[in-house]
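Structure first, commentary second.
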């Protein structure tokens, strides 16, 4: 059975109830073993008057569906929900071609960006890696690679929901609030491969913000240990996305979010610098400095890290505005031997962030 609502003829006061009915219908189709199909008719659009697609586990992104459908309703859209195809088992041999993004159209509208099989796989992987259900993830996500950051997070926000068992590869903790307006923290481990893995799967949940807490190596003589770095763009030497997103595609930071973060830093009188961040896959890049020295100089990079460009590039792929990097300098490690200083330890601060545009 298909449920439809014509919001051009529905009083504004009834929009909320109608959106709830549509989302309930999507969840009912999912519980019946079907991919719920959503069709949006937009009479104001000349080039894309009809948008449609299927979803998996709509309960996991209900907050997002309610928000985006409410905005479409306010514009007078006609929205329909019905049962789509029978949902594939994750062990079905048909899953592999269904989740293959090799010929994926990155220009699809964000509401319909992911196929249902892709959503189902990522939601399952998030449960596997983090030990928590997708429904627990909040709109604002912190990524870290230090367990003591998690300890501080849990101490600051008592009552967080955590993994269902010990030993998870990327354990997550959730400070849950109504409307998913709380905060999630995930300990992803170190390196661009892990950063790609978690952002591949987090993307299907459409978070509004992903922020990584960690360290970077400061490259300028006047940078002090603990100074914050705010990226304006990236040098991608992480290599994990080169075959998927060519290096010729520019990935720059989101101006709005950069402005917001810079305002916060200024208001708090925290030392910071804006500029290029160089992301590498080599944790011990200092041991082969001669191989990267020219790139560091030519790019005028002011910091080196292992995750920021990966998070930014994957955010670009998944229609999430590319994030700034927000990291604290741990080592003063300049390319010039004559100006190199002894590395020092610092306290952690925030790192790479991703902000999602809230429009469908």
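Quick note: the coordinates plus some simple rules give every number you see, no bench work behind them. Given the structure is predicted, the values throughout are model-derived calculations rather than measurements. Cβ: placed from backbone, ideal geometry, glycine included. Neighbour counts: every protein chain shown.
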Exercise for the section: Can you pull a Stokes-Einstein diffusion coefficient for the stretch 134-243 at 10 °C (1.306 mPa s), Rh from Kirkwood over Cα pairs, as a whole number of µm²/s? Expected result: 102 µm²/s
Completion exercise
Dividing the mean separation of Cα pairs under 8 Å (6+ apart) by the residue count of the stretch 69-183 yields a relative contact order in percent of 22 percent
Completion exercise
The percentage of Cα-Cα pairs in the stretch 95-164 separated by more than 19 Å is 50 percent
Completion exercise
Contact order relative to length for the chain, counting C-alpha pairs under 8 Å separated by 6 or more residues, stands in percent at 16 percent
Exercise for the section: For the chain, find the longest principal axis of its Cα atoms and tell me its angle to the long axis of helix 15-31, 0 to 90°, nearest 10. Expected result: 90 degrees
Problem - Exposure proxy order (Cβ contacts within 10 Å, fewest to most) of 59, 93 - result: 93, 59
Exercise for the section: Could you please rank 119, 176, placing first whichever residue has the fewest other Cβ atoms within 10 Å of its Cβ? Expected result: 176, 119
Fill in the blank from the handout: Longest principal axis of the chain (C-alpha) makes with the long axis of helix 289-299 (C-alpha) an angle, in degrees to the nearest 10, of 70 degrees
Handout entry: Residue order, fewest to most surrounding Cβ atoms within 10 angstrom, among 245, 202
Key = 245, 202
Handout entry: Rg(Cα) / (2.2 N^0.38 Å) computed for the stretch 3-93, rounded to two decimals
Key = 1.11
Exercise for the section: Would you calculate the volume per residue, in Å³, of the smallest convex hull containing every Cα atom of the chain? Expected result: 159 Å³
Practice task
Give me the Debye-computed log₁₀ of I(q)/I(0) at q = 0.08, 0.10 Å⁻¹ for the stretch 61-208, equal point scatterers on Cα only, no solvent, two decimals.
Solution key: -0.26, -0.41
Practice task
Note the angle between two axes, namely the Cα long axis of helix 308-317 and the longest principal axis of the Cα atoms of the chain, as a number of degrees from 0 to 90, rounded to the nearest 10.
Solution key: 30 degrees
Practice task
Just the number, please: Stokes-Einstein D of the stretch 50-140 in µm²/s, Kirkwood Rh from C-alpha pairs, 37 °C, 0.692 mPa s.
Solution key: 222 µm²/s
Completion exercise
Taking the stretch 158-219, the whole-percent share of alpha-carbon pairs separated by over 15 angstrom is 60 percent
